[in-house]
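The values are calculated or read from the model by the stated rules, or taken from the named source; none is laboratory data. Keep in mind it's a predicted model, so treat the numbers as computed, not measured. Positions of Cβ are generated from backbone atoms using ideal geometry, with glycine treated the same way; all protein chains shown enter the neighbour counts. Ligands, DNA and RNA are excluded from the accessible area calculation, which covers all protein heavy atoms including side chains. Shrake-Rupley method; radii C 1.70, N 1.55, O 1.52, S 1.80 Å.
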Amino acid sequence: MDLIIRHAHLRGQEGTRDIGIIGDRISVVVEQLTELAPTEVDAAGNLVMPTYVNGHIHLDKCHLQDIMRPNKDYTFTECLELTWEHKARYTVEGILERADRAIEEGILNGTTAFRAFADVDSIGTLRGLKGLLALRERWRDMVHIEVVAFPQEGIIRDPGTSDLMEEAMRLGADVVGGLPWFEMLDEDARTHIDFCFELAKRYDKDIHMLVDDTDNPLSRSLEYLAVKAIREGYQGRVSASHCGALAAYNEVHAHKVMDLLKQANISISSNPHISLVVQGRYDLEPIRRGITRVKQLWRHGVNVFSSQDDVADPFYPFGRNDQQEVVSYICHTAHMAAPSEIEAAFDFVTYNAARALRLPEYGLEPGCKADLNVLAAPTVRQVLRLQQPPRCVVRNGKVLARNQLQREFMSR
Ligand SMILES: [Zn+2]
């Protein structure tokens, strides 16, 4: 063995296990390994899980909060406009400096896979994309970064973007993004979705769109996205983030859409902390939470995942690139606080997110990639209660990061 993690508690199992790792793979998981390895980590009965997967993050915009004009009301329009003056001047070096900080923080918090959205539009043209492609190369040996070509200003309403999207795919973007609900007409939203599928099929890439990110029940691009995925044979290759409008539909229509999502095998990312800040801004009281039907979708058998989305950018002033914090927000906003629901919420940032990104060999079985977090508590409930970062982050069979918590109580 090259690395052994000892006394690991695994979800759903009694007692502890030793995890033996050879190279970048898990080799054995047994009650006790008698042999020794050059590197050993004592989990001391704490939980060991596969590393977190962040399936939706804007790394071109991260940390703009430090240098931008302050927000006044956090409407979607304001957040969008605050980005314009910065993305028109993005440089590869500037993006790398800000995004490196976010990636480092993400790793320390236990995440080793990121799906990064790069704005592609007439304002920033391909500046954001080129920055994130450089970021992907810089971190290639350490973490998984995939880049989404994301038309943040729309495609039909922002002339020239369709050509830029095509160029983005030629330059090496991994995923075709989309923002259909932001188009000015329903028919434009459909044209937007049609364009993205045509592009994705030509480059044989997956699709991840931000869909119906509004409390408006008339925003209905999600059902068209699902039907399109079925008709184009793209089941299992499409993700949709936010989908707040689904929560505003009547029950009959919502169930029709959820059936379609299941049939299309579309994964849904709910990023509740962002929605709490940006949605419900036109509500008086009671103010909606702005999230989609997380618990209903989960119970319906739809693959739900959850992501950091923003780190200190025009859309969100906080964010530690911390998927444990994201799970905590899910548990609170989606009313998922019972033991089985907390377990499910942890799947949203691990197994379900890995399934959405179609990451191979993800898990704790022998043969899986040795990408593991040794957490700071023995159960998922305690991990959320304490909100401490993983003690140890293993990636490709090597210790990539460690966290030590020192707290001292001074006697009176
Ligand atoms: Zn986003």
Exercise. Looking at E40, E14, E35, which one is modelled with pLDDT of 95 or more and not in a loop (DSSP other than H, G, I, E, B)?
Worked result: E40
For this session: Test each condition in (1) more than 16 Å from the ligand (Cβ to nearest atom); (2) open to solvent by less than 50 Å² (accessible area, probe 1.4 Å) for E232 and report the one that comes out false.
Result: (2)
For this session: Give the residue that is farthest from G178 (Cα to Cα), with candidates limited to residues of the range 235-245 that are more than 13 Å from the ligand (Cβ to nearest atom) and crowded, with 20+ Cβ neighbours inside 10 Å.
Result: A245
Exercise. Given the conditions (1) within 16 Å of the ligand (Cβ to nearest atom); (2) assigned to a helix (DSSP H, G or I); (3) not hydroxyl-bearing (S, T, Y), which single one is not true for F318?
Worked result: (2)
Problem set entry | the range 394-412 residues that are touching a residue at least 12 places away in the same chain (Cβ under 8 Å), paired with ones that are assigned to a loop (DSSP other than H, G, I, E, B) and open to solvent by 100 Å² or more (accessible area, probe 1.4 Å) (beta carbon under 7 Å, 6 or more apart) | N403/R391
Problem set entry | Residue list for the range 333-360, restricted to those being open to solvent by 20 Å² or more (accessible area, probe 1.4 Å) and in contact (Cβ under 8 Å) with a residue 60 or more places away in the chain | E343, Y351, N352, R355, R358, L359
Problem set entry | Answer from G280, G301 - the residue that is assigned to a loop (DSSP other than H, G, I, E, B), in contact (Cβ under 8 Å) with a residue 40 or more places away in the chain and on the phi > 0 side of the Ramachandran plot | G280
Seminar exercise, completed: Checking V326, V252 in turn, the sole residue that is part of a helix (DSSP H, G or I) and surrounded by fewer than 24 Cβ atoms within 10 Å (Cβ to Cβ) turns out to be V252
For this session: Would you mind telling me which numbered condition in (1) over 26 Å from E232 (Cβ atoms); (2) open to solvent by 40 Å² or more (accessible area, probe 1.4 Å); (3) touching a strand residue (DSSP E or B) at 6+ places or on another chain (Cβ under 6 Å) I145 fails?
Result: (2)
For this session: Please verify whether the range 336-356 includes one or more residues that are in contact with a Ser or Thr (Cβ under 9 Å, 6 or more places away or on another chain) and under 23 Å from E40 (Cα atoms).
Result: no
Exercise. When you look at G12, is it surrounded by 13 or more Cβ atoms within 10 Å (Cβ to Cβ), of a type in the set (G, A, S) and under 27 Å from Q388 (Cα atoms), yes or no?
Worked result: no
Exercise. Name the residues in the range 260-277 that are touching a residue at least 40 places away in the same chain (Cβ under 8 Å), within 16 Å of the ligand (Cβ to nearest atom) and not hydroxyl-bearing (S, T, Y), would you?
Worked result: N271, P272, H273, I274, L276, V277
